[in-house]
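Take a look at the structure below.
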Amino acid sequence: MHNFFAIPVSLTTIIRHFLLAFLVIAWAASCTVLQHGSPDIVTIEDSPVSTEEFLYVYNKNNLNTGPVDSTEIRDYLDLFINFKLKVREAEALGLDDDSTFIQELEGYRRQLATPYLTETKLLDSLANITYERLKTEVNASHILIQVPENATPEDTLSAYRKCMEVRERIIKGEDFNQVAQQESQDPSARENKGNLGYFTAMQMVYPFEDAAYRLPVDSVSYPIRTSFGYHLIEVHDKRPSQGRVQVSHILVRAPAGMSHSDSLLSANRAREIYVKAINQEDWDLLCRQFSEDSGTKMKGGKLPWFKTGDISNIPSFEETAFNLKTIGEISKPVKTAYGWHIIRLEGKQDLESFETLEPKIRANISANSRAELNQQELIKRLKKENQFKENRQIVEEALSYANDSLRQGTWHASENWEISNKTVFSIGDSVYSAAGFYRYVENNQPFKDQQDPVAIMRSAYQDYSKKALIDYEDAHLADKYYDYKMLLQEYRDGILLFQLMEEKVWNQAIQDTVGLSRFFEENRQQYQWDTRAAANIYNVQDEKALVQVKDFIAKGYFSYPKYDFYSEQESFNKAQVRILNDVSQQLLQNDNRYLVLSYDTQNPKLHEIRDKIIENLFTNGIDTARSVTRQTEQGTLGFILYVASPEVKDLVENMNQTDPLTIQFENGFFQPGENELVERLNWETGMEVFEVDNRLVLVEITEILPPGNQQLEEIKGQVISDYQTQLEQEWVQALRNKYLVEIHEKELAKVYEKYSN
């Protein structure tokens with residue numbers, strides 16, 4: 001049984017849980033008429049909770065469709081009571097009167113109401129039309145002349161005339177795309193010359209989409225008005241839907257801001273992987289070895305199915321994917337904002353069925369300009385359902401008080417007008433006077449319209465009456481629809497609970513460091529490490545690379561190229577200065593690197609030169625302590641200089657300069673079962689080489705740590721989670737002691753009987 005009341009630790013997780021419930025249930029709501037009258041199953045202090053509410057929550061979260069025993073229902077009722085106790089405490093503290101709570105709940109309520117304020121029949125028709133359009137993809141260019149939606153008539157007319165002038169130039173023979181580059185106010189036109197590529201339904205604003213689908217190929221539209229301004233559209237091609245495609249990929253990251261040298265290394269790495277792929281090396285193996293997409297590398301690089309426009313933010317990836325023709329075909333490396341991709345075609349499918357796409361289509365329709373058509377039908381229905389009655393004589397009289405001040409925003413109703421108190425229409429048992437309409441006019445002026453004042457006022461009246469109908473329906477949804485009422489109650493209780501849980505449990509567990517430490521010490525036996533191995537894992541491509549790794553492990557350092565250096569002069573020549581500058585640069589890149597001076601330490605002259613070398617490095621900002629001396633054979637005339645690094649990252653970086661696939665490295669502490677290769681060393685210090693996926697892997701265990709106590713800082717997240725659970729249990733017990741809980745056993749017995757059969 002799903003434990004709905006076992007609240008997760010993360011507030012974000014909880015909000016996501018409730019939001020998901022809204023998205024799934026609200027859209028699936030069948031507008032069930034509200035049921036009235038239900039006995040109470042429990043009373044908390046003086047607040048009864050109906051059986052109807054309990055069963056609504058139980059049925060929604062219980063995944064068991066067969067008979068259940070009384071113990072299961074009783075356990076669930078206990079969880080339900082704990083939930084309601086927390087809500088009751090929030091109410092007692094006045095959290096339901098807090099302005100932030102009220103504002104948040106209203107935001108969710110508006111979202112929840114949206115599906116109930118939609119005209120279903122028209123939505124069905126629009127959904128079918130949209131699906132038919134999804135069967136075709138349109139390639140088009142456009143020219144945009146911007147004008148705001150609320151622009152003055154003069155500005156609107158000016159933009160329209162400009163658009164017509166541009167169209168005339170194209171009709172007379174100028175190239176559409178060249179003109180787009182010159183005249184379009186779409187910023188992207190400078191680069192793409194207005195060409196939008198291929199698109200399909202639901203990817204453009206509706207007026208644009210509608211015009212593009214109606215326009216014949218190789219023709220230019222008249223100006224099309226959208227929220228952005230006026231568009232000229234030229235359709236280049238229409239083709240059947242390409243359906244969906246599935247690809248797998250290997251990603252080599254090259255994020256924005258990467259240095260030029262690192263960018264070149266990424267490109268070289270991608271090319272090397274591509275060569276291996278087209279030479280028919282195992283694709284899954286290449287993904288595991290080299291892909292930097294952690295979400296897909298262990299799954300053969302496979303991505304979800306997508307269609308044209310689904311990943312329009314990375315057009316080069318989409319275009320390459322759809323251009324692959326045969327299953328298994330592999331693309332050359334493709335650059336995107338994420339890096340370099342090698343793409344392999346896994347499958348192609350035709351357009352999905354209407355039943356599959358219908359939820360997405362309906363959501364899109366409700367969010368764009370097609371919603372206006374839906375609203376018109378909605379208003380017709382609401383007028384009938386809610387007994388809308390209009391007094392036409394009073395309406396016409398009210399409209400007659402219009403004048404030109406409506407355009408300037410200075411129109412005001414007079415308190416002396418007798419019409420103000422007369423009813424213009426009624427909805428259900430609510431009456432709406434001319435005074436209410438006039439307040440709406442005053443608050444929404446000026447009305448920028450080319451019609452006469454009475455026509456402007458009439459348009460305002462239509463908007464006012466539509467708003468009143470929708471507001472009335474919105475306010476009475478809980479009286480009409482069962483699902484809506486229960487979901488709204490769920491949101492209300494949930495939001496109250498979030499705030500109190502933050503204060504009583506989540507934040508307290510994080511901020512109460514003394515209590516957390518005490519809880520950890522009292523429960524230390526629960527926090528134990530198993531035997532662990534400290535291990536380094538070197539994955540290399542051949543024996544030559546393995547020799548370099550073994551040399552690094554044996555010496556404890558990696559050495560950069562060596563320089564022969566000798567001078568008997570008081571000053572260094574240019575070549576020697578250049579060597580010292582190179583050495584200084586290598587040392588300055590990392591404080592852990594150090595200089596090795598190898599020479600005949602029995603030769604006094606060389607001591608003087610050594611001191612001069614160190615002095616030179618000091619003038620370049622290098623600490624003199626960052627140098628060591630090594631003895632070479634006696635009689636050596638000069639020095640061997642080189643920079644050494646104890647850090648494995650320097651070894652890896654150097655080995656991958658020529659071939660970016662030479663070595664990969666990981667290290668850490670591993671418990672039994674966490675790493676198969678570490679397991680092969682039988683939990684003993686030492687090293688061993690294995691052949692894995694046609695590569696050589698050297699596993700080095702440097703230390704075996706015996707079982708022992710975990711430290712708080714090592715597992716703080718887990719301890720906080722456990723401490724939160726204890727705090728919640730203690731808090732719930734305190735609430736049960738504070739509030740009287742009465743379970744109505746006779747009513748509970750009826751529930752047992754209903755669900756035991």
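The values are calculated or read from the model by the stated rules, or taken from the named source; none is laboratory data. All figures in this text were calculated on a predicted structure; none of them were measured in a lab. With ideal geometry, Cβ positions are generated from the backbone for all residues, glycine too; neighbour counts draw on all protein chains shown.
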Some residue of the stretch 297-314 being of a type in the set (Asp, Glu), without any contact (Cβ under 8 Å) to a residue 40 or more places away in the chain and surrounded by fewer than 20 Cβ atoms within 10 Å (Cβ to Cβ): yes
Hits in the stretch 290-331 (condition: within 16 Å of Ala254 (Cα to Cα) and assigned to a loop (DSSP other than H, G, I, E, B)): Ser291, Glu292, Asp293, Ser294, Ile314
Residue check, Asn539 surrounded by 16 or more Cβ atoms within 10 Å (Cβ to Cβ) and assigned to a helix (DSSP H, G or I): no
Counted residues, the stretch 177-214 - those being under 23 Å from Phe322 (Cβ atoms) and in contact (Cβ under 8 Å) with a residue 12 or more places away in the chain: 16
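A quick yes/no check of all residues on (1) part of a strand (DSSP E or B); (2) out of contact with any Lys or Arg (no Cβ under 8 Å at 6 or more places or on another chain):
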{"residue": "Leu144", "(1), (2)": "yes, yes"}
{"residue": "Cys163", "(1), (2)": "no, yes"}
{"residue": "Arg169", "(1), (2)": "no, yes"}
{"residue": "Glu191", "(1), (2)": "no, yes"}
{"residue": "Glu209", "(1), (2)": "no, no"}
{"residue": "Asp218", "(1), (2)": "no, yes"}
{"residue": "Ile233", "(1), (2)": "yes, yes"}
{"residue": "Gln242", "(1), (2)": "no, no"}
{"residue": "Gln246", "(1), (2)": "yes, no"}
Answer residue from the stretch 444-459, given it is under 41 Å from the mean Cα position of the chain (by Cα) and modelled with pLDDT of 85 or more and is surrounded by the most Cβ atoms within 10 Å (Cβ to Cβ) among those: Gln445
Any hit, the stretch 606-621, residues being of a type outside the set (Phe, Trp, Tyr) and more than 25 Å from Asn573 (Cβ to Cβ): no
Any hit, the stretch 401-409, residues being farther than 24 Å from Glu119 by Cβ, in contact (Cβ under 8 Å) with a residue 40 or more places away in the chain and among the basic types (Lys, Arg): yes
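Conditions (1) within 30 Å of Phe690 (Cβ to Cβ); (2) under 45 Å from the mean Cα position of the chain (by Cα); (3) acidic (Asp, Glu), marked per residue:
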site: Gly494; (1), (2), (3): no, yes, no
site: Glu522; (1), (2), (3): no, yes, yes
site: Gln526; (1), (2), (3): no, yes, no
site: Asn536; (1), (2), (3): yes, yes, no
site: Pro561; (1), (2), (3): no, no, no
site: Ser571; (1), (2), (3): no, no, no
site: Asp582; (1), (2), (3): no, no, yes
Scope the stretch 408-443; condition surrounded by 13 or more Cβ atoms within 10 Å (Cβ to Cβ) and either at pLDDT below 90 or assigned to a loop (DSSP other than H, G, I, E, B) (or both); matching residues: Trp411, Ala413, Trp417, Lys422, Gly428
Matching residues, the stretch 149-163, being surrounded by fewer than 15 Cβ atoms within 10 Å (Cβ to Cβ) and either in contact (Cβ under 8 Å) with a residue 40 or more places away in the chain or β-branched (Val, Ile, Thr) (or both): Glu149, Asn150, Thr152, Pro153
Positions within the stretch 320-344 being touching a residue at least 12 places away in the same chain (Cβ under 8 Å) and out of contact with any helix residue (DSSP H, G or I) (no Cβ under 7 Å at 6 or more places or on another chain), in sequence order: Thr320, Ala321, Phe322, Leu324, Lys325, Thr326, Ile327, Gly328, Glu329, Ala337, Tyr338
Lone unmet requirement of (1) of a type outside the set (Ser, Thr, Tyr); (2) part of a strand (DSSP E or B); (3) within 42 Å of the chain's Cα centre (by Cα) for Glu473: (2)
Pairs with Cβ under 7 Å, 6+ apart, first in the stretch 534-555 and β-branched (Val, Ile, Thr), second not in a strand (DSSP E or B): Ile537/Leu677; Val540/Leu546; Val540/Val549; Val540/Thr662
Verdict on Ala256 being among the hydrophobic types (A, V, I, L, M, F, W, C) and over 29 Å from Lys360 (Cβ atoms): yes
Some residue of the stretch 143-153 being under 30 Å from Thr320 (Cα atoms) and touching a Ser or Thr at 6+ places or on another chain (Cβ under 6 Å): yes
Test result for Tyr472, buried (at least 20 other Cβ atoms within 10 Å of the Cβ), more than 30 Å from Asp650 (Cβ to Cβ), out of contact with any Cys (no Cβ under 6 Å at 6 or more places or on another chain) and hydroxyl-bearing (Ser, Thr, Tyr): no
Flag for Ile701 being in a helix (DSSP H, G or I), in contact (Cβ under 8 Å) with a residue 12 or more places away in the chain and not basic (Lys, Arg): no
Qualifying residue in the stretch 356-377 (condition: part of a loop (DSSP other than H, G, I, E, B), small (Gly, Ala, Ser), over 16 Å from Arg244 (Cβ atoms) and modelled with pLDDT of 95 or more): no
Any hit, the stretch 215-234, residues being surrounded by fewer than 17 Cβ atoms within 10 Å (Cβ to Cβ) and either in the same structural domain as Pro446 (by TED's automatic domain parsing) or without any contact (Cβ under 8 Å) to a residue 12 or more places away in the chain (or both): no
